[in-house]
Amino acid sequence: MTDGGRMTEVRIARWDEDDLDLLRRLNTPEVRHHTGGPETDEQVLARHERYLQGPGPRSGSMFTVVLLPDGVKVGSVGYWERVWHDEPVYEMGWAILPEHQGRGLATAAVRAVVAEARAHGRHRWAHAYPSVDHPASNAVCRKAGFTLLGETEFEYPPGRLMRSNDWRLDLKA
């Protein structure tokens, strides 16, 4: 990737105790517009605790997105187990701070977390469910090698249905 003529790279790092501030910085109307809006601080703290518990069936495997060579944390990415159409799969999700969006960082981070999920080897399929009206997240899916299966009703946040695209990636390929 290039950023103003210089190469930019990312790595992913396991979520840790010091990442609560990043999670709060990602909890803005701009970042959470397509996922139900910002959460309360209580919800953010609960999410942070789930991320710290990982990896596991309920907590998943969550990572920070680290911009290289600076080592600045610019987002989150992860995968977790869910049942989709009666089949256990991984769901993947990501968020990048607004000032770092549009540079291919999310795509690079998703590719890195796909490699982690493949190495874990528990499920064949990974899915992502970006809102149909979120072109950037849908582009990340396409660029990261997911196949669009079509539109679907997806419950997120819990208790609220949203119109999403169902993107699938074969982790055994």
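Selection of segment 96-120 for residues being of a type outside the set (A, V, I, L, M, F, W, C), touching a residue at least 40 places away in the same chain (Cβ under 8 Å) and out of contact with any helix residue (DSSP H, G or I) (no Cβ under 9 Å at 6 or more places or on another chain) yields ARG103, GLU116, ARG118, HIS120. Please tell me if VAL89 is β-branched (Val, Ile, Thr), over 25 Å from ARG24 (Cα atoms) and crowded, with 17+ Cβ neighbours inside 10 Å. So VAL89 passes the test. If the condition is being among the β-branched types (Val, Ile, Thr) and in contact with an Asp or Glu (Cβ under 9 Å, 6 or more places away or on another chain), then segment 105-150 contributes VAL132, THR147. Remark: GLY159 falls outside the filter, which requires a residue to be open to solvent by 20 Å² or more (accessible area, probe 1.4 Å), under 22 Å from PHE63 (Cα atoms) and among the small types (Gly, Ala, Ser).
Of the strands (runs of 3 or more DSSP E) entirely within segment 78-173, those holding at least 1 residues that are modelled with pLDDT under 95 occupy 87-96, 147-155, 161-170.
The values are calculated or read from the model by the stated rules, or taken from the named source; none is laboratory data. Everything numeric in this text was worked out from a predicted model, so none of it was measured. Note that we place each Cβ from the backbone using ideal geometry, even for glycine, and neighbour counts take in every protein chain shown. Heads up: the accessible areas ignore ligands, DNA and RNA and are worked out on the full protein's heavy atoms, side chains in. Shrake-Rupley method; radii C 1.70, N 1.55, O 1.52, S 1.80 Å.
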